[in-house]
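Peer 1: Following this message is one structure expressed as structure tokens.
No lab work stands behind these numbers, since they all come straight from the coordinates. It should be emphasised that the depicted structure is a prediction, and the values quoted were computed from it without experimental measurement. Note: ideal-geometry Cβ built from the backbone for every residue, glycine included; neighbour counts use all protein chains shown.
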Amino acid sequence: MKNILPFLGTLFFALLLLGLLLLITLVASMGLVLVGRVLMLIADLKTFEATLIALGMGFIVLGGFALILRAPPTLASAMDEDTYDDLFDDEDDEDEIVPPHSRNDPCPCGSGRKYKNCHGQ
């Protein structure tokens, strides 16, 4: 019984989306029919001409909605996490002092003192 529950949840979700899509299609087609009827009355067009104009208007509106709802790609989604962290790391990498091989070598900070007397303490 436990193995079938996720399947039933997915099936219910798919049927819900399908029903929503059918409802949207029904409302959109009713709107296009209404636009076609109004065009027939106002512009004295034949049914076929009014239908073609209404369909064209519907495609233009749907295309506009598709452009509006389309999410623009972001920089974070275009690269992997390591690359993003390397580019936009808040820590200053210049402040890191890499210790030399010997404590008697000059300090890498550029002070001219030995590492053991400068940053090696």
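Peer 1: Starting from the Cα gyration tensor of the range 11-70, take the square roots of the eigenvalues, sort them a ≥ b ≥ c, and report rounded, prolate or oblate (rounded when a/c is under 1.5, otherwise prolate if a/b is larger than b/c, else oblate). Let's see the in-between values first.
Peer 2: On the way: a/c = 4.06, a/b = 1.95, b/c = 2.08.
Cα axes put the range 11-70 in the oblate bin.
Peer 1: Something else about it: So, in nm, how far is label MET57 from label CYS118 when the simple model puts each one 7 Å beyond its Cα toward the Cβ?
Peer 2: Label-label distance for MET57 and CYS118, simple model: 7.7 nm.
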